[in-house]
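The values are calculated or read from the model by the stated rules, or taken from the named source; none is laboratory data. All values reported here derive from a predicted model rather than from experimental measurement. Neighbour counts run over all protein chains shown; Cβ positions are idealised from the backbone, glycine included. Only protein heavy atoms, including side chains, enter the accessible area calculation; ligands, DNA and RNA are left aside. Shrake-Rupley method; radii C 1.70, N 1.55, O 1.52, S 1.80 Å.
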Amino acid sequence: MAKRAPVVIEVLNKVTAVSVEKHTGKNWDQWIKILNEQGAKNLSHKEIVALLGKRTFKMKEWWRQIVTSGYEVHIGRRQEGRNQKGELSATVSRTFYISADKLWKLLESAEGQAVWLKPLSHFKFKAKNVFETEDGYFGEIRTMKEGERLRMSWQDPEWHKPTIVQVYVMGREENKSMLAFMHDGIKDTRSKAAIRERWNEAVNALSEMTPAAPVRKKKS
């Protein structure tokens, strides 16, 4: 059996080679090589994401974004922790021990919205539907893919333009899924810290509404 080449790139954009390989089947070294061969240096962020979504790769959208961002950091197109426009971004994710379908329904339910979004009133996930939170933020659902993704504007009344929040739900196993918040367009590091704390509180609150991780039996 041929020896596997050693991993050179251990971490890109705060995501480890181990994590990337676990979820996409390839590590950072392999993805960098593939994307270089595909001419990705001459493609935009959106075009690379689309490339990774082709049948050849069959990658889920969340990981398309992760791999694309890591590649752009590697080639010097973007700075770590920033989006393609150079604005700050914050990402929070958590594993849940329910199916992706149940997790999506929880997010959209009145009980779920009350803990992760805290809107003044419950609303249905649908493009162009608007919301306002109890603490004064407001926004609109821009696009969505039922059961998988929400993209919505997020307006801080003290900021001159809205930021963008993307919410991803990804199935892993029969009763296991992942929830991720990606918040782009943040103006400064202080705001980024506050936003990360907000979404951390959101996933913590949702976790309390769902089953805990199953206890693994020790081998005798």
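To the nearest 20 debye, what is the magnitude of the charge dipole of segment 127-220 about its Cα centre, counting +1 on the Cβ of each Lys and Arg and -1 on the Cβ of each Asp and Glu? Walk me through the intermediate numbers first.
Details: 17 positive and 15 negative charges, 149 e Å.
My answer is approximately 720 debye.
If you stretched the chain out fully between Glu208 and Asp101, how much longer would it get, using 0.36 nm times the residue separation minus the C-alpha to C-alpha distance? Please report the intermediate quantities before stating the final value.
Values: separation 107, 0.36 × 107 = 38.52 nm, distance 1.77 nm.
Here the segment from Glu208 to Asp101 would lengthen by 36.8 nm.
Is the C-alpha gyration tensor of segment 51-108 telling us rounded, prolate or oblate? Criteria: a/c under 1.5 is rounded; beyond that, a/b larger than b/c is prolate, otherwise oblate. Please report the intermediate quantities before stating the final value.
On the way: a/c = 3.08, a/b = 1.54, b/c = 2.00.
The shape class here is oblate.
Shape verdict for the chain, please, from the Cα gyration tensor: rounded (a/c under 1.5), prolate (a/b greater than b/c) or oblate.
Details: a/c = 1.90, a/b = 1.27, b/c = 1.49.
In terms of gyration-tensor shape, oblate.
Given a cut-off of under 8 Å on Cα pairs at least six residues apart, what relative contact order in percent is computed for segment 6-62? Let's see the in-between values first.
Details: 31 pairs, mean separation 11.5, N = 57.
20 percent.
Expected output is a single nm value to one decimal: the length gained when fully extending between His160 and Thr16, i.e. 0.36 nm times separation in residues minus the C-alpha distance. What is it? List each step's numbers first, then the result.
Working: separation 144, 0.36 × 144 = 51.84 nm, distance 3.51 nm.
Contour length minus Cα-Cα distance gives 48.3 nm.
If packing is taken as the average number of other Cβ atoms within 10 Å across a peptide's residues, how do 160-168, 207-215 rank, most packed first?
Details: 160-168: 17.9, 207-215: 11.0.
By packing density, highest mean first, the sequence is 160-168, 207-215.
For segment 1-102, what ratio Rg/Rh do Cα atoms give with a Kirkwood hydrodynamic radius? Provide the component values of the computation, followed by the final result.
On the way: Rg = 14.3 Å, Rh = 14.6 Å.
Over the Cα atoms of segment 1-102, Rg/Rh equals 0.98.
What dipole magnitude, in Debye to the nearest 20, does segment 156-204 give about its Cα centre under +1 on Lys/Arg Cβ and -1 on Asp/Glu Cβ? Before the final figure, lay out the partial values.
Working: 8 positive and 8 negative charges, 26 e Å.
The calculation lands at about 120 debye.
How high is the relative contact order of the chain, given as a whole-number percent (alpha carbon pairs under 8 Å, six or more residues apart)? Don't skip to the answer; put the middle values down first.
Numbers: 333 pairs, mean separation 39.4, N = 220.
Relative contact order here is 18 percent.
Under a point-charge model restricted to the Cβ atoms of Lys and Arg (+1) and Asp and Glu (-1), what is the dipole moment magnitude of the chain relative to its Cα centre, in debye to the nearest 20? Please list the in-between numbers first.
On the way: 40 positive and 27 negative charges, 208 e Å.
The dipole magnitude comes to about 1000 debye.
Once you put a point 7 Å from the Cα of Arg55 and another 7 Å from the Cα of Glu201, both along the Cβ direction, what distance in nm separates them?
4.8
Under the classification rounded if a/c is under 1.5, otherwise prolate if a/b is larger than b/c and oblate if not, where does segment 125-220 fall, given a ≥ b ≥ c as square roots of the Cα gyration tensor eigenvalues?
Numbers: a/c = 2.64, a/b = 1.76, b/c = 1.50.
Prolate.
Taking θ as phi - 60°, what are the ³J(HN,Hα) couplings along segment 40-46 by the Karplus curve (6.51, -1.76, 1.60), each to the nearest whole Hz, with x for Gly and Pro?
My calculation for segment 40-46 gives 5, 4, 9, 9, 6, 4, 4 Hz in order.
On the protein heavy atoms, probe 1.4 angstrom, tell me the percent of accessible surface of the chain carried by carbon and sulfur. Walk me through the intermediate numbers first.
Numbers: 6450 of 13060 Å².
The computed percentage sits at 49.
Using a 1.4 angstrom probe with every protein chain in place, what is the largest-first accessible-area order of Ile141, Ile75? Show your work: numbers first, answer last.
Working: Ile141 0, Ile75 55 Å².
Result, largest first: Ile75, Ile141.
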